Amino acid sequence: MTASEAIARLAPHGLPMVIAEAGVNHDGDTAAAMRLVEAAAEAGADAVKFQTWLPGEITGRFAGKVDYLASRTDEGESRYDISNRLALTHDDHFALKERAEQLGLVFLSTPDGFQSLDFLVNRLGMPAIKVGSTEVTHVQFLEKIGAQGLPVILSTGLSNLEEVAAALSALKKGGADDITLLQCTSEYPAPDNEMNLRAMSTMAGEFGLPVGLSDHSLGSEAAVAAAAMGASVIEKHFTLDRNLPGPDHQASMTAGELADLIISLRRVAVMLGDGVKAPTPSERDNAPNIRRGVVAACPIPAGTRLSADMLTCKRPAGGIEPRDLDACVGAVITRALETDEPLTWDDLS
């Protein structure tokens, strides 16, 4: 199964696959996490995604706060403490996955450590592995992910093309062959002028893999544009309330906004079509009364030898096409025609 086929299997509503990124917008509260699952289903997403780590598994005691995190958390709370507070227990995931599947959602969670990877794959049974941008240079972890035999969706924030190539090599060394690359800008919210959606096309051309967008920007424009560019996956952060105090709420969509976005993405997927340039069924129905045909420019008695000034091109079509007007000149008309009456080849001797 190719990566495109694997993603299509996870997206029954049609490409692009829409991942509702709950992330840490549960603020460590299992009940809030459950409400996020239900909101993702109501919005029409294909999958809901969380992040999984054990205390101390991803963030060490010397890690500092990035600017957006420092502005949205208590000054006295360290980066290490924040990670511990926001972690869902492994046991929490069973109930979340069960509820997601009851509602027709694919349950995904990003593993943020070797123990959590083992849990998500071998105990929880995730159908695919979504890898966060922070792991692009963690080649030992990527090799282990590749060895799981599952489709891999890799976000590429923080990375240049050479680092993405090295990450792919590590995944493939482990055994991965179904890989999708997501363009991502690792800022919350991501500025418009740093989104660089064209990097999707660059990666698709360089690596020959399906591409998509992990969208940290405000609004729906980037996701819709990415879908129009052929993204196979769109991941978007969402929240139950943008005014909550956690670190990611302000950069996230509300559930209602996510629902509106998904409607737009589904429409774009239909609008992209198959790429074959040909009249559509509705165009074929409209063509006779929209296109022009050769008609009489004046009353023409039967038996008249036609000259160029006797003919013009007007609606409707269906008789002689405009490109054949010159071939009519010099022919004899076999029946009388009124002004604007269409000619057919049967009218010419």
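Whether any residue in segment 206-213 is crowded, with 17+ Cβ neighbours inside 10 Å, among the aromatic types (F, W, Y), in the same structural domain as L161 (by TED's automatic domain parsing) and out of contact with any Asp or Glu (no Cβ under 6 Å at 6 or more places or on another chain) is what I want to check. No, segment 206-213 contains no residue that is crowded, with 17+ Cβ neighbours inside 10 Å, among the aromatic types (F, W, Y), in the same structural domain as L161 (by TED's automatic domain parsing) and out of contact with any Asp or Glu (no Cβ under 6 Å at 6 or more places or on another chain). R335 - would you say it is part of a loop (DSSP other than H, G, I, E, B) and within 30 Å of S83 (Cα to Cα)? Taking the combined requirement at face value, the residue does not satisfy it.
On the stretch given as segment 241-296, residues that are over 23 Å from V18 (Cα atoms) and touching a residue at least 24 places away in the same chain (Cβ under 8 Å) total 13.
Name the single residue, out of those in segment 98-120 being closer than 20 Å to E143 by Cα and of a type in the set (D, E), that is modelled with the highest pLDDT. This residue is D118. All of A308, A336, A317 fail the test of being surrounded by 13 or more Cβ atoms within 10 Å (Cβ to Cβ) and over 42 Å from the mean Cα position of the chain (by Cα), apart from A336. Screening the candidates T280, T254 for the property of being surrounded by 15 or more Cβ atoms within 10 Å (Cβ to Cβ), closer than 29 Å to A225 by Cα and hydroxyl-bearing (S, T, Y) yields one hit, T254. Does L265 satisfy the criteria of being in a helix (DSSP H, G or I) and more than 11 Å from the chain's Cα centre (by Cα)? Taking the combined requirement at face value, the residue does not satisfy it.
Within the set D67, D92, D27, the sole residue that is out of contact with any strand residue (DSSP E or B) (no Cβ under 8 Å at 6 or more places or on another chain) and either without any contact (Cβ under 8 Å) to a residue 60 or more places away in the chain or of a type in the set (V, I, T) (or both) turns out to be D67.
Would you list the helices (runs of 4 or more DSSP H) that sit entirely within segment 17-126 and hold 3 or more residues that are surrounded by 14 or more Cβ atoms within 10 Å (Cβ to Cβ) and among the aliphatic types (A, V, I, L, M)? Qualifying helices (runs of 4 or more DSSP H): 30-43. All conditions in (1) of a type outside the set (S, T, Y); (2) under 21 Å from F114 (Cβ atoms); (3) more than 21 Å from the chain's Cα centre (by Cα) hold for P127, with the sole exception of (3).
The values are calculated or read from the model by the stated rules, or taken from the named source; none is laboratory data. Since the structure is predicted, the reported quantities are computational estimates derived from the model, not experimental observations. Cβ: placed from backbone, ideal geometry, glycine included. Neighbour counts: every protein chain shown.
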